[in-house]
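**Student:** I have a structure I would like to understand better, so I am pasting it below and will then ask my questions one at a time.
The values are calculated or read from the model by the stated rules, or taken from the named source; none is laboratory data. Computed from a predicted model, the values in this text were never measured in an experiment. Because the Cβ atoms are built from the backbone with ideal geometry, glycine has one as well, and the counts that use them run over all protein chains shown. Remember, those area values only see protein heavy atoms, side chains included, never the ligands or the DNA or RNA. Shrake-Rupley method; radii C 1.70, N 1.55, O 1.52, S 1.80 Å.
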Amino acid sequence: MLNKPVLAESLIVFVIVLSVHAVVWDRYSWCAVALAVQAFYVQFKWDRLLQLGGAVFQFRTAANSGLLPASMGIPLLGIVMKERCKAAGIVYFERFGVVVASTGMLLALFLSVIAVGVTKPVPTNTCVLTGVAGSIIIYTMKHSLTVSEVIEVLEVLLIFVYLSMILLYLLPRCFTPGEALLVLGGISFVLNQLIKRSLNVVEGRGDPIDFFLLVAVVGVVLLGLFFTVLFVFMDSGTWISSMFFHMMTAVLGLGVIMPWLYRLIQRNPLFWLLQFLFQTQTRVYLLVYWTFLAASACGVVFYQNAKRSSESKKHQASTITRKYFHFIVVATYVPGLIYDRQLLYVAAVLCLAVFIFLEYIRYFRIKPFGQTLRHLLSLFLDERDSGPLILTHIYLLLGMSLPVWLFPRSCAPKGTLSGAGALVPYSGVLAVGVGDTIASVFGSTMGEIKWPGTKKTFEGTMTAIFAQIIAVALILIFDSSVNLNSSYAWILASVSLVSLLEAYTTQIDNLLLPLYLQIMFMA
């Protein structure tokens with residue numbers, strides 16, 4: 001029997017796909033539609049594999065595979081990026097968008113082939129659909145990509161295959177297949193871009209903050225892989241192991257990551273970072289303000305843990321309590337988006353590196369803070385943290401930051417896109433900070449009419465849409481760079497579709513919703 005929430009989620013994704021291609025229809029649109037149709041069918045094969053325990057790796061329980069929404073995320077992002085840069089006349093980034101779209105399609109197709117290949121008996125109809133979709137995609141790539149671009153796409157696929165085998169084995173139950181596609185696909189693409197740019201360094205070409213993001217992401221991932229292998233042979237919870245952890249972190253940071261970044265930006269990374277952070281008085285004020293908010297977030301964690309100690313050891317933080325952090329993140333990002341987006345870009349990269357490093361300390365029980373972090377963060381666990389890693393707070397940071405990092409600055413003549421595209425950097429704030437938070441709070445406190453087959457409520461979704469429209473109005477008032485050019489109907493449709501997706505998806509909404517809202521705004 002077909003799962004009604006999955007059908008509803010798939011219908012919403014199909015509407016988004018068709019809405020985007022109604023605006024930017026070209027040869028890649030046929031590929032995207034074919035990919036969506038075959039992903040819809042293969043998704044049910046993945047769901048059956050997960051239910052029967054027939055998947056090769058252990059995936060996150062209490063969620064469907066999420067193959068369709070994940071399969072369309074990267075290709076749609078590449079397609080809308082291509083169209084925006086084509087309109088701006090920036091050929092380099094237009095071709096970059098083509099590579100992103102082609103890479104996303106090939107990764108999604110690979111994941112589909114894996115599911116079809118391990119399903120017994122072999123699903124004939126699904127195999128035919130996968131073959132047709134693959135043929136259309138490969139034919140289009142053959143006539144659209146240069147030889148160097150084909151090699152680049154295949155390099156990302158190769159990195160994705162090896163990275164998936166390693167991380168899905170080391171981190172059981174941390175991802176669904178769809179989440180693995182988005183997260184590991186993104187890391188694979190970043191790693192390939194870093195290798196490519198490191199081999200073709202041209203002095204003065206490229207923005208240092210882009211290189212900073214690439215090196216930071218690859219650096220923390222490689223650091224985690226190194227210590228995972230190391231602690232197979234030694235107990236990570238001893239003082240000797242902890243001292244070795246801190247010493248090797250310093251060695252790898254100063255001996256590998258810093259020189260790598262120096263080669264890319266052609267200057268001392270530490271001096272560049274300090275000069276960048278304190279370049280203007282506005283940046284100093286923002287840093288002081290963000291420090292206060294970070295201290296407030298830590299205060300919430302300590303207060304809730306003190307409350308647990310006084311009440312019951314089994315006490316867990318409520319949904320409303322967890323949404324405090326969403327409000328704090330909104331208060332963090334909005335001033336940065338209005339006053340200094342470059343500073344916000346770099347600060348978000350630093351926060352991501354710190355969050356992942358602290359998760360390593362918690363996971364490996366590194367002294368003196370490892371056990372303390374385990375105790376403090378266990379209060380905020382939910383059903384999505386079923387694996388050895390706690391990722392929800394990292395996903396929250398990613399959801400808010402991805403629209404800032406992925407914003408095509410070179411294709412925006414005055415630092416902002418026209419129409420609904422002007423709201424692209426605010427996609428995370430609207431989808432996660434406002435929409436998801438309001439839907440959760442109002443839905444859990446006042447919601448009575450539930451969407452069929454889910455725990456989400458009609459009242460929560462409608463309130464979320466209304467709150468996001470109010471937020472857009474406030475952005476228009478306080479951010480003078482935003483000019484919507486009467487694209488209000490498209491904005492309302494985008495917000496409504498993404499809010500409905502939030503009601504039905506079982507994937508990590510902090511990651512999925514901002515991506516789809518950004519795609520809709522860029523279209």
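**Student:** Mind giving me the FRET efficiency for Y162 and K196? R0 is 22 Å, r the Cβ-Cβ distance, nearest 0.05 is fine. Mind showing how you got there, number by number?
**Tutor:** Values: r = 17 Å, r/R0 = 0.78.
My answer for the efficiency is 0.80.
**Student:** Once you have the Kirkwood Rh of the stretch 36-192 from its Cα pairs, apply Stokes-Einstein at 37 °C and 0.692 mPa s and quote D in µm²/s.
**Tutor:** My calculation gives 205 µm²/s for D.
**Student:** Work out Dmax and Rg for the stretch 458-523 from the C-alpha atoms and quote the Rg first, both in angstrom.
**Tutor:** 12.4, 37
**Student:** For the chain, what does the accessible surface come to per residue with a 1.4 Å probe? Please give it in Å².
**Tutor:** Working: 23430 Å² over 523 residues.
Per residue, the chain has 45 Å² of solvent-accessible surface.
**Student:** With a Förster radius of 22 Å, plug the Cβ-Cβ distance of A489 and L18 into 1/(1 + (r/R0)^6) and report the FRET value to the nearest 0.05.
**Tutor:** Numbers: r = 16 Å, r/R0 = 0.74.
It comes to 0.85.
**Student:** Please go through the residue pairs K45/K450; K307/K367; K323/K367; K323/K455 and name each one whose alpha carbons sit more than 21 Å apart in this structure. Provide the component values of the computation, followed by the final result.
**Tutor:** On the way: K45/K450 28 Å; K307/K367 25 Å; K323/K367 30 Å; K323/K455 17 Å.
Result: K45/K450; K307/K367; K323/K367 exceed 21 Å.
**Student:** Out of every Cα-Cα pair in the chain, what percent are more than 40 Å apart? Walk me through the numbers before you get to the answer.
**Tutor:** Details: 26733 of 136503 pairs.
Tail of P(r) above 40 Å: 20 percent of Cα pairs.
**Student:** While we're looking at this one, here's another question. Can you tell me the Rg and Dmax of the stretch 419-491, counting just the alpha carbons, in angstroms?
**Tutor:** When restricted to Cα atoms, the stretch 419-491 yields Rg and Dmax of 13.8, 43 Å.
**Student:** Sticking with this structure for a sec: Take the Cα pairs of the stretch 360-414, get the Kirkwood Rh, then feed it into Stokes-Einstein at 4 °C and 1.567 mPa s and tell me D in µm²/s. Intermediate values should be presented prior to the final figure.
**Tutor:** On the way: Rh = 13.5 Å.
The estimated diffusion coefficient comes to 96 µm²/s.
**Student:** Full extension from F302 to L11: what is 0.36 nm times the residue separation minus their Cα-Cα distance, to one decimal in nm? Mind showing how you got there, number by number?
**Tutor:** On the way: separation 291, 0.36 × 291 = 104.76 nm, distance 4.25 nm.
Here the answer is 100.5 nm.
**Student:** Express in nm, to one decimal, how much length is gained between S480 and F276 on full extension, taking 0.36 nm for each residue of separation and deducting their alpha carbon distance.
**Tutor:** Between S480 and F276, full extension yields 71.0 nm more.
**Student:** Whole percent per 5 Å bin, from 0 to the bin with the longest distance: what is P(r) over all C-alpha pairs of the stretch 380-523?
**Tutor:** Once binned at 5 Å, the Cα pair distances of the stretch 380-523 give 2, 10, 19, 22, 20, 13, 8, 5, 2, 0.
**Student:** I would also like to ask the following. Once you keep just the Cα pairs under 8 angstrom separated by 6 or more residues, what percentage relative contact order results for the stretch 382-523?
**Tutor:** Numbers: 185 pairs, mean separation 49.5, N = 142.
For the stretch 382-523, the relative contact order is 35 percent.
**Student:** Could you give the nm distance between label points at M234 and T445, where each point is 7 Å from its Cα heading toward the beta carbon?
**Tutor:** Once both label points are built, they end up 5.1 nm from each other.
**Student:** Moving on to the next point. Just need the Rg to Rh number for the stretch 236-389, please, alpha carbons only, Kirkwood Rh.
**Tutor:** Values: Rg = 18.3 Å, Rh = 18.1 Å.
My calculation puts Rg/Rh at 1.01.
**Student:** Here's another thing I want to ask about it. Using amide H atoms built 1.01 Å from N in the peptide plane, name the residues 5+ places from T457, or on other chains, whose amide H lies under 5 Å from its own.
**Tutor:** Those lying under 5 Å, H to H, from T457 are W451.
**Student:** I would also like to ask the following. Cα extents of the stretch 142-279 along the three principal axes, largest first, in whole Å?
**Tutor:** Cα spread of the stretch 142-279 along its principal axes, largest to smallest: 55, 42, 24 Å.
**Student:** Given the Cα-Cα distance of V150 and Y324 and 0.36 nm per residue of separation, how much length would full extension add, in nm?
**Tutor:** Details: separation 174, 0.36 × 174 = 62.64 nm, distance 4.55 nm.
That pair, V150 and Y324, stretches by 58.1 nm at full extension.
**Student:** Here is a further query. Which distance in nm do the two modelled labels at K4 and A294 give, with both placed 7 Å along the Cα-to-Cβ direction?
**Tutor:** 4.7
**Student:** Between L222 and A62, what's the calculated FRET efficiency when r is the beta-carbon distance and R0 is 35 Å? Round to 0.05. Mind showing how you got there, number by number?
**Tutor:** Details: r = 31 Å, r/R0 = 0.89.
Computed FRET efficiency for L222 and A62 comes out at 0.65.
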